[in-house]
Structures are given as structure tokens and as C-alpha cells.
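Participant: The structure is given below, and queries will be raised subsequently.
The values are calculated or read from the model by the stated rules, or taken from the named source; none is laboratory data. Since we're looking at a predicted model, the values are computed, not measured. Cβ: placed from backbone, ideal geometry, glycine included. Neighbour counts: every protein chain shown. Remember, those area values only see protein heavy atoms, side chains included, never the ligands or the DNA or RNA. Shrake-Rupley method; radii C 1.70, N 1.55, O 1.52, S 1.80 Å.
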Amino acid sequence: DLAHRGIAAPYVATGPVSVVIVALSLCPISDHRKRTTQPRRWSCKKPDFDNLAKILADAANGILWLDDNQVALCAIAKGIAAQGEPASVQITVSAMEQNQFINPCGRATAEAALHAASDAAGVTREAN
């Protein structure tokens, strides 16, 4: 409970929300031995994206939203932090209009979500 700890309660969403999660793990120590500084890059290691989303969504209950069942759309970017950069998690929440359903499988919407996650993660992507 935030009030119990003397922390002001943030705005808690009450309707459907979209979420962008950017999770960066520490750069491996072995990368520090390389001659060139290692930039941010994508991660294919554990935790799995769905487990990461579940942990973070459950942890945000009562803080960012009332319950994680309000998350209607989610984009996740898993990466490895640049050399010397700390590990971090960034969660961006946006309220969604109840009566304005979008098809997340539509190419434009899916690409926009991927680009937003990539941009937030600071990871460069190849042009198509």
C-alpha cells in the first residue's frame, strides 16, 4: 500500500489501457572485455516475454491500473543494456477509448507498436 509507505498515490487507470514495456538486462561482464563499446541490443534470453509481462502487470495492480485485466494491448521490448548502462524497466501506460477498438493484427497497428517499443528501447531496427 503506497499511502502506508508515505508515497503519494499516482493516477490509477479505471478503463482499458495500452502498455509498452521496455526491459533492459545488464550487459554481460564478458562484453566489457571487448575493444569496442557494446550498444543496446535485442535479447533472446530468459525471462520469456509473456512471463515478464505477467510479473510486471501483476506488480502494477493498484498502482498503474486497478487490475491487470484492463490491459487490452501490450508491446514488449526485451534488450540488453549498453555497456555501462544500468538494467532498467520502463512501463508506458496509455488510456484507451472504450468504443474505439482497433485490430492489433493489422499491419499498420502492429508495426506502430513495434516501432514504439524499439524507439523506447533505443534499439536500431533494419529498414524494410
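Participant: Got a number for residues in region 14-38 being of a type outside the set (D, E, K, R), free of Cβ contacts under 8 Å to residues at least 60 places away in the same chain and surrounded by fewer than 16 Cβ atoms within 10 Å (Cβ to Cβ)?
Facilitator: Qualifying residue count for the region: 7.
Participant: Right, something else. Would you call W42 of a type in the set (F, W, Y), surrounded by 15 or more Cβ atoms within 10 Å (Cβ to Cβ) and on the phi < 0 side of the Ramachandran plot? Talk me through it step by step, then tell me what you get.
Facilitator: Working: of a type in the set (F, W, Y): yes; surrounded by 15 or more Cβ atoms within 10 Å (Cβ to Cβ): no; on the phi < 0 side of the Ramachandran plot: yes.
Answer is no for this residue.
Participant: Also, quick follow-up: Would you mind finding the one in Q90, Q83 that is touching a residue at least 40 places away in the same chain (Cβ under 8 Å) and part of a loop (DSSP other than H, G, I, E, B)?
Facilitator: Step by step, each of Q90, Q83 is checked, and only Q83 is touching a residue at least 40 places away in the same chain (Cβ under 8 Å) and part of a loop (DSSP other than H, G, I, E, B).
Participant: With A108, A53, A113 as the choices, which residue is modelled with pLDDT under 90, touching a strand residue (DSSP E or B) at 6+ places or on another chain (Cβ under 8 Å) and either among the aliphatic types (A, V, I, L, M) or in a helix (DSSP H, G or I) (or both)? Write out each step before concluding.
Facilitator: Numbers: A108 fails: touching a strand residue (DSSP E or B) at 6+ places or on another chain (Cβ under 8 Å); A53 fails: modelled with pLDDT under 90.
Exactly one residue qualifies, and that residue is A113.
Participant: Related question: Of the numbered conditions (1) within 26 Å of F101 (Cα to Cα); (2) touching a residue at least 12 places away in the same chain (Cβ under 8 Å); (3) among the acidic types (D, E), D50 satisfies every one except a single condition; which is it?
Facilitator: Single failed check for D50: (2).
Participant: While we're here: When the residues of region 72-103 are narrowed to those that are of a type outside the set (S, T, N, Q) and over 30 Å from C27 (Cα atoms), which ends up least open to solvent (accessible area, probe 1.4 Å)? Before the answer, list the steps.
Facilitator: So in region 72-103, the residues of a type outside the set (S, T, N, Q) come out as 72-82, 84-87, 89, 91, 93, 95-97, 101-102.
Remaining after also requiring over 30 Å from C27 (Cα atoms): 72, 95-97, 101-102.
On the way: A72: 69, A95: 87, M96: 53, E97: 126, F101: 180, I102: 73 Å².
Only one residue tops the list, namely M96.
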